[in-house]
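The values are calculated or read from the model by the stated rules, or taken from the named source; none is laboratory data. Remember, it's a predicted structure, so these values are computed and weren't measured experimentally. What goes into the accessible areas is simple: the full protein's heavy atoms, side chains included, and nothing from ligands, DNA or RNA. Shrake-Rupley method; radii C 1.70, N 1.55, O 1.52, S 1.80 Å.
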Amino acid sequence: QVQVVESGGGLVQAGGPLRLSCAASGRTFSRYAMGWSRQVSRKEREFAAAISWSGIRTYNTDSVKGRFTISRDNAKNTVYLQMNSLKPEDTAVYYCAAALEGSDWPYEYRYWGQGTQVTVSS
């Protein structure tokens, strides 16, 4: 079992930065690929970024490429999402998730957090 808890959401002006953190429980955190997804109310949750268990491979959806960077610190059991040049359309609830142990890209996520709200004002 893996439990993940997101933090770092909030209100930010367009063009500004924000960093989300995802703290995960469990001694085998380094075995799990991790990802961030986001959801605007009444819309389908969409993939934003993902990172392999080692941190060597990362993936981003086209709409955030060049602006969002995912990283991880396995010693701290934490995944980060650095978001720069934020746009109003980035407003959403951001969810962190852990993939099935050993899974390859595209990852199948099993463990989800409760989400953190990000609001970008114009």
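What the table shows:
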read-out	value
Residue-normalised accessible area of the chain, given per residue in Å² at a 1.4 Å probe	55
For the stretch 94-102, 3J(HN,Hα) per residue [Karplus equation, 6.51 cos²θ - 1.76 cosθ + 1.60, θ = phi - 60°, Hz, x = Gly/Pro]	9, 10, 9, 8, 9, 7, 4, 4, x
Under the Karplus curve 6.51 cos²θ - 1.76 cosθ + 1.60, θ = phi - 60°, whole-Hz ³J(HN,Hα) for the stretch 17-30, x wherever Gly or Pro sits	x, 7, 10, 9, 10, 9, 9, 10, 8, x, 7, 9, 3, 5
Carbon plus sulfur fraction of accessible area for the chain, probe 1.4 Å, in percent	45
